[in-house]
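Have a look at the structure below, then the notes.
The values are calculated or read from the model by the stated rules, or taken from the named source; none is laboratory data. Bear in mind that the values here come from a model prediction, so they are computed numbers and not experimental data. Every residue, glycine among them, receives a Cβ derived from its backbone with ideal geometry; neighbour counts consider all protein chains shown.
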């Protein structure tokens with residue numbers, strides 16, 4: 001076991017055969033496999049996601065991230081030369097002003113204009129940032145950029161997914177409602193509406209937070225020492241109804257189970273602001289919390305997540321919660337048992 005005070009990026013490496021990276025989602029959603037990991041004993045068992053209720057207890061609370069992915073990848077042409085351009089919208093700065101990544105970047109100098117969807121959207125580059133990102137001002141035929149993106153935009157699938165998605169909704173959770181993410185909170189992709197109803201019927205609470213996921217979630221850890229990595233910041237909101245449900249669950253002896261690393265990071269970010277055992281308040285802000293082994297969890301009692309990239313901040317978070325040795329052993333088993341990995345892959349529940 002590595003020294004927790006001097007963890008290296010390579011401590012989180014594992015061998016993953018390329019063919020285990022899921023290219024398409026499981027149908028139906030909740031038929032994916034589910035590894036069950038006991039974080040106290042390290043015991044691993046195997047199930048299916050549709051049996052999730054068997055692992056929950058009356059009085060538990062599931063906390064889900066209701067952020068919705070923007071179909072933010074658009075293809076168009078330069079207005080004067082008609083040469084190809086691709087935009088990936090990252091963050092809305094003003095009503096019609098966005099920060100974005102574009103390729104090929106050399107075509108996108110300040111003042112250059114582009115056309116998308118046969119004129120449905122037009123854009124002019126107004127700034128080139130130090131990191132190479134662009135700021136563009138859009139004009140929209142319909143006045144609403146989101147409706148235009150719905151019509152002509154593609155889902156910003158991660159780079160390791162090379163197959164085209166036939167149904168955009170399969171990269172959204174069934175409970176998504178707050179537009180703003182550049183990637184899906186993938187741990188929630190396994191739920192069906194009926195399953196959420198079944199969970200409620202057994203006396204398990206369902207609560208929502210919002211954390212808008214930026215592309216930084218795919219940014220590799222480049223520093224050798226884990227502690228030197230700087231996380232990207234993301235906007236979150238924890239509403240009063242969710243705070244009340246968390247506080248009631250804790251007071252009643254139930255377990256708070258985060259669905260996904262984004263829900264986990266939101267809950268732990270808010271919990272850091274109050275003393276241990278104090279009630280959780282409603283809160284809104286930005287978080288750059290970096291959770292890796294050695295972190296002391298202040299709120300969550302369980303985690304539902306997918307299988308993450310080697311050397312990523314996400315596997316580091318899982319290792320912090322489940323224990324380093326438990327996690328790396330579970331990943332070895334997952335490879336051996338040929339689980340499906342990453343965004344469209346299988347599930348893991350850690351209790």
Practice task
Give the number of residues within segment 336-351 that are under 22 Å from residue 163 (Cβ atoms) and over 22 Å from the mean Cα position of the chain (by Cα).
Solution key: 1
Practice task
Determine which single condition residue 143 fails, assuming it passes every other condition in (1) surrounded by 15 or more Cβ atoms within 10 Å (Cβ to Cβ); (2) without any contact (Cβ under 8 Å) to a residue 24 or more places away in the chain.
Solution key: (1)
Handout entry: Hits in segment 164-189 - residues which are out of contact with any strand residue (DSSP E or B) (no Cβ under 7 Å at 6 or more places or on another chain), at pLDDT 90 or above and part of a loop (DSSP other than H, G, I, E, B)
Key = 167, 173, 174
Fill in the blank from the handout: Screening 14, 75, 50 for residues that are in contact (Cβ under 8 Å) with a residue 24 or more places away in the chain, surrounded by fewer than 20 Cβ atoms within 10 Å (Cβ to Cβ) and assigned to a helix (DSSP H, G or I) leaves only 50
Practice task
Would you mind stating whether residue 285 is touching a helix residue (DSSP H, G or I) at 6+ places or on another chain (Cβ under 6 Å), in the same structural domain as residue 207 (by TED's automatic domain parsing) and surrounded by fewer than 20 Cβ atoms within 10 Å (Cβ to Cβ)?
Solution key: no
Handout entry: Number of the condition not met by residue 88 [criteria: (1) over 21 Å from residue 318 (Cβ atoms); (2) part of a helix (DSSP H, G or I)]
Key = (2)
Practice task
Would you point out the residue of segment 298-326, among those that are in contact with a strand residue (DSSP E or B) (Cβ under 8 Å, 6 or more places away or on another chain) and assigned to a helix (DSSP H, G or I), that is farthest from residue 183 (Cα to Cα)?
Solution key: 326
Handout entry: Matching residues, segment 119-137, being touching a helix residue (DSSP H, G or I) at 6+ places or on another chain (Cβ under 9 Å) and surrounded by fewer than 16 Cβ atoms within 10 Å (Cβ to Cβ)
Key = 128, 132
Handout entry: Condition check for residue 318: free of Cβ contacts under 8 Å to residues at least 24 places away in the same chain and either in the same structural domain as residue 28 (by TED's automatic domain parsing) or over 20 Å from residue 64 (Cα atoms) (or both)
Key = no
Handout entry: Selection status of residue 161, assigned to a strand (DSSP E or B) and either outside the structural domain of residue 50 (by TED's automatic domain parsing) or buried (at least 17 other Cβ atoms within 10 Å of the Cβ) (or both)
Key = no
Problem - Matching option when the condition is over 30 Å from residue 179 (Cα atoms) and over 23 Å from the mean Cα position of the chain (by Cα), among 8, 35 - result: 8
Exercise for the section: Output the residues belonging to segment 25-40 that are free of Cβ contacts under 8 Å to residues at least 24 places away in the same chain, closer than 23 Å to residue 338 by Cα and out of contact with any strand residue (DSSP E or B) (no Cβ under 7 Å at 6 or more places or on another chain). Expected result: 27
Practice task
Kindly check whether there is at least one residue in segment 60-68 that is in contact with a strand residue (DSSP E or B) (Cβ under 9 Å, 6 or more places away or on another chain), surrounded by 13 or more Cβ atoms within 10 Å (Cβ to Cβ), over 29 Å from residue 300 (Cα atoms) and in the same structural domain as residue 215 (by TED's automatic domain parsing).
Solution key: no
